[in-house]
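The values are calculated or read from the model by the stated rules, or taken from the named source; none is laboratory data. Source: prediction; values computed, not measured. Glycine gets a Cβ as well: all are built from the backbone with ideal geometry, and neighbour counts include every protein chain shown. Calculation scope for accessible area: heavy atoms of the full protein, side chains included, ligands and nucleic acids excluded. Shrake-Rupley method; radii C 1.70, N 1.55, O 1.52, S 1.80 Å.
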Amino acid sequence: MLQKKICMLGSFAVGKTSLVRRFVESIYSDVYQTTVGVKIDKKNVQVEDKEVSLVLWDIYGEDDYQKMRWTYLRGASGYLLVADGTRKATLEKAVSLEQKVREEVGVIPFVLVINKSDLIRDWELDSALESQLAAQGWNILRSSAKTGEGVEESFALLARKMLG
Amino acid sequence: MSHLLENFPVEMGFALLEYRSGGDFVPITGLPKWFSELWPGLAKASAPIPLTQQSPFLENFMLEAEDFWNSPGSAACQSETWIEKSGSGREIPVQARALFLGGKRILVLFSPDSQFHEQVKMLQTARNALLDHERLAREIQKKEILLHCIVHDLSQPLSVMHVAMDSLLEEPISERSKQFLTLGKHASNQQETMIRQILQTFSDDLRASLDAGTEAGSSTDLLKCARKTMALLGPTFEAKGVRLAVSASVVPESRWPVVGEASRLQRIFSNLLENALRYTPAGRHVTIGVEDEGDFLKAYVDDEGPGLPRDLRPEQIFGLFMKGKQSGGKAGLGLYFCRITVERWGGSIGAVTLPERGSRFWFRLPRAVAGTGARGSDLRGSADSAAAHRKHTHIRPLRILLADDQEDIRTLTAHQLKRNGHKVVTAEDGIHALKAFHASSFEVVLLDQEMPGMTGDEVARAIRKAEEGKKKRVFLIASTGNTASEDALRLKQGGFDEVLGKPFRLEDLNLLLSSAPVAKPSRQLLVQPSSPAGSTFAELVARVGGDEKLLKRMIHTFLRDTPKRLTGIAAAIRRKKPESLASLAHALKGSVSIFGAEGARKQANVLQELGRSGELSGAPDVLAQLKEEIAKLQANLRGYANQTPARPKSKRDSRRRPPRNRGKRRR
């Protein structure tokens, strides 16, 4: 079976671990538990006619306390860039992470997932920036690990991009 | 001893494995419990174990380890912690280290269990604190805006307090009462000072955070900003299948310079376009347009959505934290931001449901004129400096149009002005003010800046437009709570001659009136004592400038129209039409206020508020009470209407003292 490595990148507390848990185990918890280190999960998916094993690297969110090790991206076929729609700074962080990935490992497929769409009333993201990124060719999806909205779609879109 | 040494790594929780070519490992000591729990099959195997096949993380780490082993003397090679899951689902933290032992390539694996959990605990605390800090910062921002609104609203009642106490001080009251009133005035002055200080501090902060780089004289092109925002949001509209375009009526090459700053103007367009997109279905249109209104330029965003939300009044849409029940919007700050920004630049903003479908959100801004960056003087400062002269100011009688939607301010100010010998016509909103202006002749028009229907700014513009080509020019005074110097400058650029900061003192108003240009030489008038406030016949006569005929006509109109209004109110309640109820109750409130019927006014006000809230369940009871109050008023007014005209006398006499036989006449 085809195996593809996917890295989850983004600021801390944007919901990377929650997205993986929702995708792999269909579980969600409202309690924020920070990720220290790296957690790896697998899920088999059907992409068009092919069965693919996705190896999901849930990498801790970079901040002042933990710096990202770019060696984790070795062998990655793509990555899910995650931002929190209720925290504007996380989208800016996502933009800088994408640039850094390009510098470190070159251009590989990615999807920007703006998570926490269930908290639309607290939404803080500037649609102008979102539009600007879309205009640059970014694939952007909104998701909610809590409700499951957009989660399967995000991974499926990335898988298609990786195989395409 | 050697047996002890062999078991030492296992006892310490280490797994020591020799790396063989091909990616296999051979344990060189026993294996610790956590290793067996994690990879039970591997722990039992006697042959070389394919460890990297079991752990993608290790597979990745081996690339670094091989680099290390191939370059002896290079820096130590150690992994960060990663988490492996055992068969039972337990998460086990693991770390790896590559080293040479006796010339052999050794991989050391260990599980930093307690150390790891300490690290997690520390990071969890630190990140929770960061999130709390972010949340707090957002809350503070919201509360700062709220504080501004509260402080602004607090200053409004002070106008009433000042005028009311001024009025009382001029009544024939005892020295002791005067002392109490003076104390009250002193306290209200103190409160006014404090509110102004808070407002000023807040304004400075707000200006620092929001108005960076924005001066009153900044200008930008309205259409260019609209186009830039459209380009930015174009893909989002495309993604939803909504067509975004500039109205065909807009001449592309025209210039549209307005007062404002480009990035914030774009944010206004962005907020309005996002709002339009939110409610417009796929396949429909959103249109941006600009229009020339002379001194002002207007921009609008039309959508083809369901129209304005029924649960909100148009003016509520731009309120703080305001969201419709059907809204999928944000925190309720977007449209509020548009309003405070547009108003700060001297413009206005609004929204209407379009006749066919959809809604129009519009705003207008002053056309940018060269040299508008000059700063005006502070309102309070100008009033204070002039106040030194006010005691000796004599005011000639003037024909004044007074418009203020706050009934108490309107009534008290009108009362004071009339007592000073002026002829005063009042209007409860901008639309009525403009009607009154066209229906009669005035020397002075005093306009509250924020009124429903038409703002003071809009009325002023309409008046100035109507005066074009005429010799006569009315003296326009703005009364406003926005007392910053740029506000004064903006208002004067908008057509006002003078600006009166709210809350204002009567002396400030008198001072401004004394500077009104004289159409014809007129005798000077000294301030006269007035009759007591209330709803006696004499007081009502005084309220209409001593014109008994006018009063009787007003009474006649009231007695004729009120039953129809009450029927209309009852029908609005019965048919569950809150907007009609609010409108009819508002009109009736104004009518009964003329006659000083406080009880009826209060009940009408309650009905108006019920109408505005849409909650009509208590309305029938309130209507019953209102009818009772009005019945009493009608009985009194019928009595007044039948009174014989008072003995002809000079206006000065009627102002100076109430009729001696007032009590007998009423009986």
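Sort out for me the Cα centre separation of the range B:66-93 from the range A:58-101, rounded to whole Å.
Taking the Cα centre of the range A:58-101 as reference, the centre of the range B:66-93 is 21 Å away.
Given the options A:Val151, A:Val20, A:Val45, state which has the largest fluctuation in a GNM of chain A using a 10 Å cut-off (strictly under) for Cα springs.
It is A:Val45.
Among A:Lys5/A:Lys93; A:Lys16/A:Lys39; A:Lys42/A:Lys67; A:Lys4/B:Lys85, which pairs are too far apart, with a Cα-Cα distance over 18 Å?
Long pairs (Cα-Cα over 18 Å): A:Lys5/A:Lys93; A:Lys42/A:Lys67; A:Lys4/B:Lys85.
Extending each Cα 7 Å along its Cβ direction at A:Ser26 and A:Glu152, get the distance between those two points in nm, one decimal.
With each label placed 7 Å out from Cα toward Cβ, I get 0.9 nm.
Provide the net charge surrounding B:Gly23, with neighbours chosen by a C-beta distance below 13 Å and charges set as Lys +1, Arg +1, Asp -1, Glu -1.
-2
Between the DSSP loop rule and a limit of at most 16 other Cβ atoms within 10 Å, which trypsin sites (Lys or Arg not before Pro) in the range B:36-113 are left?
Passing sites in the range B:36-113 are B:Arg90.
In whole Hz, what ³J(HN,Hα) sequence does the range B:253-262 give by Karplus (6.51, -1.76, 1.60; θ = phi - 60°), x for Gly and Pro?
With the stated coefficients, the range B:253-262 comes to 7, 5, 9, 10, x, 10, 6, x, 10, 4 Hz.
So, R0 is 35 Å and r is the distance between the beta-carbons of B:Thr125 and B:Lys33; what FRET efficiency does that work out to, to 0.05?
Once rounded, the FRET efficiency stands at 0.70.
At 1.4 Å probe size, put B:Thr480, A:Thr71 in order of accessible surface, largest to smallest.
So the residues, ranked largest to smallest area, are A:Thr71, B:Thr480.
Using the Karplus equation 6.51 cos²θ - 1.76 cosθ + 1.60 (θ = phi - 60°), what ³J(HN,Hα) coupling, rounded to whole Hz, does each residue of the range A:105-118 give in order, writing x for Gly and Pro?
Once θ is set to phi - 60°, the couplings for the range A:105-118 become 10, x, 7, 10, x, 8, 10, 8, 10, 9, 8, 6, 5, 6 Hz.
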